[in-house]
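To start, the structure under review is shown below, and the notes come after it.
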Amino acid sequence: MTRSIFRPRAHARGAVSLMAGVLASASSAAAQSPVPLPDDNARAVTLAEAVQMAQRNAPAVVNARGLERNAGAARRAAIAAYIPSLNLTASSARTQGVQFFQGQLVPLTGNPWNYNNGLATQLVLFDGGQRWQDLNRAKASQHVAEASFLSARFDAALQVKQQYYAALAARESEAAARAQLEQAEQQLKASTARVAAGVAIKSDSLRSAIQVGNARLAVLTAQNDLRVANAALTRVVGSTTTVTATPGDSLDTPLQLPTEQELETLVAQGPAVLLAEANVASARASKKAQRSQYLPTLSMSYNYSYTQSSKAFTGGNLFLLGGNDPNRQNMSFNFSYPLFNQFTREQATVQADVGLVNAEAQLRDAKLAARANLTAQLRSLANAQARVQVQLAAIAAAEEDLRVQQQRYGLGASTLLDLLTSQTTLNQARQALIQARFDGRIARAQLSALVGREL
């Protein structure tokens with residue numbers, strides 16, 4: 001009887017000793033801070049600064065700005081079509097050597113230099129309204145370019161905000177993971193002490209060590225996500241040095257917005273709708289310009305040229321006959337009316353009409369899409385804002401539940417499973433809050449891009 005009791009006790013003491021070694025090793029490993037990732041010397045920028053950088057450096061914005069400049073130059077050229085063209089020419093030649101005259105080689109005499117000067121101008125008197133329609137089309141094209149530039153700016157702002165908010169979410173996830181790690185480390189210490197006191201089983205401490213490891217992995221994952229988001233943000237803003245989001249911008253989305261009726265009015269003037277309307281105006285101007293090809297063209301041209309042996313520009317009056325040098329003046333009027341050109345005009349007319357029909361269909365779809373997107377994004381924003389409030393309340397309840405479970409576990413009134421469940425619930429509530437904030441920020445950014453103004 002004595003021997004049977006003695007052996008189990010010896011075995012228990014060995015198990016307790018082995019368990020204490022395992023727990024000490026786990027506690028030492030868990031107590032270490034997560035290995036931080038390189039900071040990359042990222043420079044913190046505000047959201048407004050990041051948007052300004054992107055609108056200055058983004059390739060799409062640069063391209064749209066160039067198209068706007070081209071459209072402005074085309075409009076100036078269309079206006080200048082009403083002004084006569086003017087061309088000035090000048091040339092010089094030197095003649096030397098000998099010439100064959102009456103069977104003999106005779107040296108050239110006189111001034112070897114010869115100077116030719118000329119002036120030419122041309123003006124279209126009537127072109128069936130072609131220049132007027134070209135001017136209208138140039139104005140419409142400029143409006144298209146301006147709308148494209150506005151759309152590109154807000155698209156760039158939306159891309160920046162998406163990456164900026166991703167960096168904020170990663171930073172918030174890291175803070176939540178560190179809080180999770182701190183709780184897990186405290187729980188591991190408590191479990192280890194209870195096992196050493198003989199009031200808890202070995203499984204409690206091992207499960208606590210696993211929780212610490214999971215928390216460390218969560219911190220490392222958040223740090224990696226932050227680096228990736230910083231790299232993406234650096235690219236979209238066009239910076240040569242790594243930038244990151246300012247921690248101070250990690251705030252909840254404001255609840256105040258224009259009314260739905262006001263937003264509908266803004267959407268009707270948003271970049272996408274303005275661009276579609278400008279495309280319709282451009283297509284309509286192109287169709288009207290095509291009609292001028294069925295009308296005749298009348299133009300006038302004037303040419304004046306003279307030859308002299310003097311370097312000075314002394315060829316006499318440019319508009320009156322006179323002077324001692326040979327000169328020539330020519331004024332002509334040209335009338336042109338194509339009677340048949342293999343249906344080229346008809347083909348261009350059909351193409352212009354098809355372009356107008358397509359532009360009108362795209363405008364109609366753009367208005368419908370803007371209205372649908374407004375409804376979807378407003379609902380997404382409202383849903384995200386409601387989720388934020390729900391998750392804030394859930395976090396407060398989960399923190400209180402965890403505090404109660406910790407006290408109960410310390411008194412032996414609950415199991416470790418109950419405590420771990422409370423910890424998991426709190427961690428999930430924190431992550432859900434981060435996701436809700438991210439979704440709300442993205443929805444607000446999409447609304448700003450839709451209406452073409454900051455909300």
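The values are calculated or read from the model by the stated rules, or taken from the named source; none is laboratory data. Because the structure is predicted, anything quoted here is derived from the model rather than measured. Ideal geometry is used to build each Cβ from the backbone, glycine not excepted, and the neighbour counts take in all protein chains shown.
If you take the residues in the stretch 418-429 that are in contact (Cβ under 8 Å) with a residue 24 or more places away in the chain and closer than 19 Å to residue 193 by Cβ, which one is surrounded by the most Cβ atoms within 10 Å (Cβ to Cβ)? Among those that are in contact (Cβ under 8 Å) with a residue 24 or more places away in the chain and closer than 19 Å to residue 193 by Cβ, it is 419. Only one of the numbered conditions (1) surrounded by fewer than 18 Cβ atoms within 10 Å (Cβ to Cβ); (2) modelled with pLDDT of 85 or more is violated by residue 454, and that is (2).
If you check 419, 374, which single one turns out to be more than 26 Å from residue 156 (Cβ to Cβ) and touching a Leu at 6+ places or on another chain (Cβ under 8 Å)?
On the way: 374 fails: more than 26 Å from residue 156 (Cβ to Cβ).
From the options 419, 374, the qualifying one is 419.
Among the residues making up the stretch 294-309, a single one is at pLDDT below 80 and either assigned to a loop (DSSP other than H, G, I, E, B) or in contact with a helix residue (DSSP H, G or I) (Cβ under 6 Å, 6 or more places away or on another chain) (or both): 309. Cβ-Cβ contacts under 6 Å between residues 6 or more apart (or on different chains), taken from a first residue in the stretch 227-241 that is farther than 13 Å from residue 51 by Cβ and modelled with pLDDT of 90 or more to a second residue that is assigned to a loop (DSSP other than H, G, I, E, B) and of a type in the set (S, T, N, Q), are listed as 230/242; 234/242. Cβ-Cβ contacts under 8 Å between residues 6 or more apart (or on different chains), taken from a first residue in the stretch 134-153 that is under 10 Å from residue 64 (Cβ atoms) to a second residue that is at pLDDT 85 or above and not in a helix (DSSP H, G or I), are listed as 152/58. Within the stretch 430-446, residues that are over 12 Å from residue 379 (Cα atoms) sit with their Cβ atoms under 8 Å from residues that are in a helix (DSSP H, G or I) and of a type in the set (Phe, Trp, Tyr), at 6+ positions apart or across chains, in these pairs: 438/165; 441/165; 442/165; 445/165.
Condition check: assigned to a helix (DSSP H, G or I) and either out of contact with any Ser or Thr (no Cβ under 7 Å at 6 or more places or on another chain) or surrounded by fewer than 22 Cβ atoms within 10 Å (Cβ to Cβ) (or both). Does residue 225 satisfy that? Show your work before the answer.
Numbers: assigned to a helix (DSSP H, G or I): yes; either out of contact with any Ser or Thr (no Cβ under 7 Å at 6 or more places or on another chain) or surrounded by fewer than 22 Cβ atoms within 10 Å (Cβ to Cβ) (or both): yes.
Criteria met by residue 225.
Could you tell me whether any residue of the stretch 378-398 is of a type outside the set (Phe, Trp, Tyr), closer than 20 Å to residue 265 by Cβ and surrounded by 15 or more Cβ atoms within 10 Å (Cβ to Cβ)?
Scanning the stretch 378-398, I find at least one residue that is of a type outside the set (Phe, Trp, Tyr), closer than 20 Å to residue 265 by Cβ and surrounded by 15 or more Cβ atoms within 10 Å (Cβ to Cβ), so the answer is yes.
Look at residue 404 and say whether it is farther than 30 Å from residue 196 by Cα and part of a helix (DSSP H, G or I). No; evaluated as a whole, the condition is false for this residue.
Give the residues of the stretch 39-76 that are of a type in the set (Lys, Arg) and either within 17 Å of the chain's Cα centre (by Cα) or part of a helix (DSSP H, G or I) (or both), sorted by residue number.
Pass one, the stretch 39-76, residues of a type in the set (Lys, Arg): 43, 56, 65, 69, 75-76.
Selection gives 56, 65, 69, 75, 76.
Residue pairs whose Cβ atoms lie under 8 Å apart, separated by 6 or more positions or on different chains, with the first residue in the stretch 361-377 and more than 16 Å from residue 275 (Cα to Cα) and the second small (Gly, Ala, Ser) and surrounded by 14 or more Cβ atoms within 10 Å (Cβ to Cβ), are 377/443.
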